[in-house]
Structures are given as structure tokens and as C-alpha cells.
Amino acid sequence: MFTQPITIIIPAFNESKNISLLLPRIFRVVPKATIIIVDDSMGSEQKQTQKICQKYGTSVMYHSRNGKAGRGSAVLFGMRMALTRTNSKIVVEMDADLAHDPKEIPMLCAPIRDVDMVVGSRYMKGSLIAKWTWSRLIQSKIINFLLTYWLGLHITDYTNGFRAYSRKACQFLITAPLREKGFIVLSEIAYMLHSHGFRIMEVPITFTDREYGKSNANFSELMHSLRGVFLLRYRSFR
């Protein structure tokens, strides 16, 4: 059990079933957590997710954006809420689809005493990927290989959204000129923090593919990510 108060940001899009399972799992591990759900769902899914969150009172802050605006912008929106409405010194982001194990949150947060961002890596020694299709694995490895080659950061996983940030890092990011909105913003965040002297490290995690719902990752997202990879470095030369 991790007793230090932290804020956890969870971007959501049609994830009501997973959210209903995820929230109690988080509170069993981090009972003092404040959870921010940034929901891009609409219609019945939005209403159902909001209803689930209301059961937890002030421990879960729910915000609907009434339409899909991108994972990256959802995380930054959540960071602004965390900075203005909580005193948490640690802010965590994680997926809504049960891919990230709440039991690993303490391990993710512990190094924030000494660094500014901790990435939960799927590709370090000691990591495990469960139930992922070969196509998804190959797609992820291609993107991460290109990012390592192109950006040159000493990390193994640029694109996993299980991360912990210091409050100082969040304060920087909400004012930084981030241009991407989808999953590639995870890489842009890492590159931006590294470029401005923030300290980054990784820890190995277990990553499990979703059981319920449909992934947003597809060929279109891959092409957008590849475009984003090249734009990140191109902009740094200008």
C-alpha cells in the first residue's frame, strides 16, 4: 500500500466497463490518491462513466470534453487540474483499459524523489508484455526504434503512457510549446523534458493488452505517429 497522496490522470474514451474495474484496484493500492478522469466519450458511454466516478465523491474528479480531442491533450488538461486543485507532488498518468497494473504505481512513483519523470517501460530487462498481438508489438517496436534513432534519448519506451511526473515537470509541461495531441505527444513530452534538463529514468513493468473494448491504435495512428517522429526532430533544428 502506498500512502503518499498522489494524483492519477486517466484519459478515457468509451472505457466505462474498464473504469469500473480500474478505480477500486487503484484505491486498494493508493488509498489517498486523487484520480482525474478526462473523458472524451459521448452519449451513453459518457453518462455511464460519469455515474461510476460519482460513487467515489471528491476522490475522483470527472471531466467530460464531449468529443475525442486526443490522449496528449487529455493528459495536459489533467495536469492543469492536478496543479490547480491538488497539492500532490507526484502526478501519474495511466491508461484506462487495464493495460497498466495499479500494483506497480508505488514502484513508478518511488524514484520521483531524485528524478522528474519515470517511464514504465515495456522493453527493459524484467519487463513483460502479455496478450499483445504480433502486429501491435511490431508497430510499437518500429516506432520506438525510430524514436531512439531520431531523438537519441537513452530510454527504451517512448510511447507507453504509464508514467510518473514531479510537480515541477508538470508545471513546465503545461506551458511548454507542445504541438502533438495523439499518442506521439508521449514522445514529445520526453524529448521536451530531456532538452530542458529534466531528469528521466525507466522502470520495468508488466503490460497486458485490454480485455474489454477496442484499442484506438490502428494504421492511421501509426502513420500519424511516424509523421510526428520526424516533426519532433525537424522542429528542434529550426
Consider Ser140 carefully, then state whether it is touching a Ser or Thr at 6+ places or on another chain (Cβ under 8 Å), at pLDDT below 95 and closer than 25 Å to Asp40 by Cβ. yes
Log entry, pairs with first residue in region 133-154 being touching a residue at least 24 places away in the same chain (Cβ under 8 Å), second being exposed (fewer than 13 other Cβ atoms within 10 Å of the Cβ) and part of a helix (DSSP H, G or I), beta carbons closer than 9 Å, six or more apart or on different chains, reads Gln139/Phe219; Leu146/Phe230; Trp150/Phe230; Leu151/Ser236
In region 61-76, the residues that are out of contact with any Pro (no Cβ under 6 Å at 6 or more places or on another chain), closer than 19 Å to Arg163 by Cα and not hydrophobic (A, V, I, L, M, F, W, C): Gly70, Gly72, Ser73
Single match in Ala164, Ala110 (criterion: of a type in the set (A, V, I, L, M), surrounded by fewer than 16 Cβ atoms within 10 Å (Cβ to Cβ), at pLDDT 90 or above and within 27 Å of Phe27 (Cα to Cα)): Ala110
Quick test for you: out of Lys103, Lys131, pick the one residue that is basic (Lys, Arg) and either on the phi > 0 side of the Ramachandran plot or under 13 Å from the mean Cα position of the chain (by Cα) (or both). Lys131
What are the residue pairs meeting all of these: first residue in region 44-59, first residue closer than 21 Å to Asn87 by Cα, second residue surrounded by 15 or more Cβ atoms within 10 Å (Cβ to Cβ) and small (Gly, Ala, Ser), Cβ atoms under 8 Å, and 6 or more apart or on different chains? Ser59/Ala33
Looking only at region 88-103, decide whether some residue is buried (at least 23 other Cβ atoms within 10 Å of the Cβ), assigned to a helix (DSSP H, G or I) and touching a strand residue (DSSP E or B) at 6+ places or on another chain (Cβ under 8 Å). no
Determine if region 77-85 includes at least one residue that is more than 20 Å from Phe162 (Cβ to Cβ) and buried (at least 19 other Cβ atoms within 10 Å of the Cβ). no
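The values are calculated or read from the model by the stated rules, or taken from the named source; none is laboratory data. Please read these numbers as outputs of a predicted model, since none were measured by experiment. A quick note on method: Cβ atoms are made from the backbone with ideal geometry, for glycine too, and the neighbour counts reach across all protein chains shown.
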